[in-house]
C-alpha cells in the first residue's frame, strides 16, 4: 500500500485518467505511471513529513529523490523510466495550471553503458526456423510466425496484429502497425511468403474475430487472434527443443534481423526505416553489436590478433 498516496492524489488520478482516456494508453502503461508517481509520493511524504501538492515540489526535492534511487540500488534503466514518468506528469500539470514551473525539467537521465542486445548467428537462426513441424497446422503456423518476424524485423505485437489484408504477396510487402499505431511498409522475403502460404493452405481453424481482409493472419486452436504471450511460450518451446541460448526471446529475432542487415552492408538509415524507429539513436545500438561481432571474429581468426 502506498502510504504517500495522499500526496498529489487527486492530481495523479487526474493525470492517469488523461493517459487512459485521452491518450489511449494501455492499462500496463497507466499502471507503470501510477507506481512511479506513488513511489515519489512515498519518498516525499517521508522527507517532508506531510502531503504536498505538485506545485510545492522543487527541483532540489526531485534531485534528492533521484539520489535516493541510486543509493537504493535501482538500475539506471529503472531510474530513467521513473524520471520520464515525472517529466510527463509535470508537463501535464503545467498545462493544466496545477503548477507554474516544471521541477522535473532540469533532471538528467543517469549515464551508463547500454547492454548490447542478444542476437542469433545465421546457423542458429536456421536451427530455430526449421524447428517447427511441417506436418501439422500448428507447426506450419509457428514456422510462418518465426519466418515473418525475422524476415521483416517485426515486434511480436506487430506480427500478432497482422490482418490478411495487410499482406501483398505479389509485391512481397506487408503493412505493419507499430508503436503509436503508426503504419509502415516492410518487405517480406520468399521464405516467409512460402511459410505463410503453407500455413494458410493447411489451416482448418477459421478466424472468429473477423472475416476477409480484417481477419487475423495467425490464430490459436480456437480461431482467436494470438497474443504476444502465446508467441513467447511458443518460442520458448523451440528454444528448449534446439538447445539455443536461453536468453533468446521473441525480440531476439528482431535484433538478429537488424544485426545481419548491418553486417552485410545495409546503411543504418534504411535499417531505421525497416525497424520503424523514430530516432536514429535507437537503431545505432545495432552498429555496436555489429562492431563487437566483427571484433570477436577478428580475434578468433587473425593469427596476430593476440600477443
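For the subset of the range 91-102 comprising residues that are exposed (fewer than 14 other Cβ atoms within 10 Å of the Cβ) and in contact with a helix residue (DSSP H, G or I) (Cβ under 8 Å, 6 or more places away or on another chain), which member is nearest to residue 11 (Cα to Cα)? Write out each step before concluding.
The first filter runs over the range 91-102 and keeps only residues exposed (fewer than 14 other Cβ atoms within 10 Å of the Cβ), leaving 95-97, 100-101.
Pick out the ones that are also in contact with a helix residue (DSSP H, G or I) (Cβ under 8 Å, 6 or more places away or on another chain) and you get 96, 100-101.
On the way: 96: 10, 100: 14, 101: 15 Å.
Filtering first and then ranking leaves 96.
In this structure, is residue 94 within 30 Å of residue 30 (Cβ to Cβ), at pLDDT 85 or above and in a helix (DSSP H, G or I)? If you could, list the steps in order and put the result at the bottom.
On the way: within 30 Å of residue 30 (Cβ to Cβ): yes; at pLDDT 85 or above: yes; in a helix (DSSP H, G or I): yes.
Yes, satisfied.
Inside the range 132-144, can you point out the residues that are within 25 Å of the chain's Cα centre (by Cα) and either part of a loop (DSSP other than H, G, I, E, B) or outside the structural domain of residue 238 (by TED's automatic domain parsing) (or both)?
Within the range 132-144, 132 is the sole residue that qualifies.
Quick check on my filter: what residues within the range 4-19 are assigned to a helix (DSSP H, G or I), in contact with a helix residue (DSSP H, G or I) (Cβ under 6 Å, 6 or more places away or on another chain) and either at pLDDT below 90 or on the phi > 0 side of the Ramachandran plot (or both)?
Correct list: 4, 5, 11, 12.
Can you tell which of 247, 184 is in contact (Cβ under 8 Å) with a residue 60 or more places away in the chain, surrounded by fewer than 17 Cβ atoms within 10 Å (Cβ to Cβ) and in a loop (DSSP other than H, G, I, E, B)?
Values: 184 fails: in a loop (DSSP other than H, G, I, E, B).
Testing whether each residue is in contact (Cβ under 8 Å) with a residue 60 or more places away in the chain, surrounded by fewer than 17 Cβ atoms within 10 Å (Cβ to Cβ) and in a loop (DSSP other than H, G, I, E, B) leaves just 247.
Table: residues versus (1) assigned by TED's automatic domain parsing to the domain that holds residue 178; (2) assigned to a helix (DSSP H, G or I); (3) surrounded by 15 or more Cβ atoms within 10 Å (Cβ to Cβ).
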| site | (1), (2), (3) |
| --- | --- |
| 236 | yes, yes, no |
| 240 | yes, yes, no |
| 255 | no, yes, yes |
| 258 | no, yes, yes |
| 274 | no, yes, yes |
| 278 | no, no, no |
| 283 | no, yes, yes |
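Tell me, yes or no, whether the range 148-168 has at least one residue that is exposed (fewer than 14 other Cβ atoms within 10 Å of the Cβ), closer than 30 Å to residue 199 by Cβ and without any contact (Cβ under 8 Å) to a residue 60 or more places away in the chain.
yes
Residues checked against (1) surrounded by 13 or more Cβ atoms within 10 Å (Cβ to Cβ); (2) touching a residue at least 24 places away in the same chain (Cβ under 8 Å):
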{"position": "104", "(1), (2)": "yes, yes"}
{"position": "139", "(1), (2)": "yes, no"}
{"position": "145", "(1), (2)": "yes, yes"}
{"position": "171", "(1), (2)": "no, no"}
{"position": "177", "(1), (2)": "yes, no"}
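In the set 209, 200, which member is surrounded by 14 or more Cβ atoms within 10 Å (Cβ to Cβ), farther than 28 Å from residue 273 by Cα and modelled with pLDDT under 95? So that I can check it myself, show each step before the final result.
Working: 209 fails: surrounded by 14 or more Cβ atoms within 10 Å (Cβ to Cβ).
Result of the check over 209, 200: 200.
With respect to residue 74, is the statement that it is out of contact with any strand residue (DSSP E or B) (no Cβ under 8 Å at 6 or more places or on another chain), under 30 Å from residue 10 (Cβ atoms), assigned by TED's automatic domain parsing to the domain that holds residue 16 and in a loop (DSSP other than H, G, I, E, B) true?
Details: out of contact with any strand residue (DSSP E or B) (no Cβ under 8 Å at 6 or more places or on another chain): yes; under 30 Å from residue 10 (Cβ atoms): yes; assigned by TED's automatic domain parsing to the domain that holds residue 16: yes; in a loop (DSSP other than H, G, I, E, B): yes.
Here the answer is yes, as residue 74 does meet what is asked.
Before we move on, is residue 71 at pLDDT 85 or above and surrounded by fewer than 18 Cβ atoms within 10 Å (Cβ to Cβ)? Working first, answer last.
Working: at pLDDT 85 or above: no; surrounded by fewer than 18 Cβ atoms within 10 Å (Cβ to Cβ): yes.
Judged against the criteria, residue 71 is not a match.
The values are calculated or read from the model by the stated rules, or taken from the named source; none is laboratory data. The shown structure was predicted, so the numbers you read here are calculated from the model rather than taken from an experiment. Neighbour counts run over all protein chains shown; Cβ positions are idealised from the backbone, glycine included.
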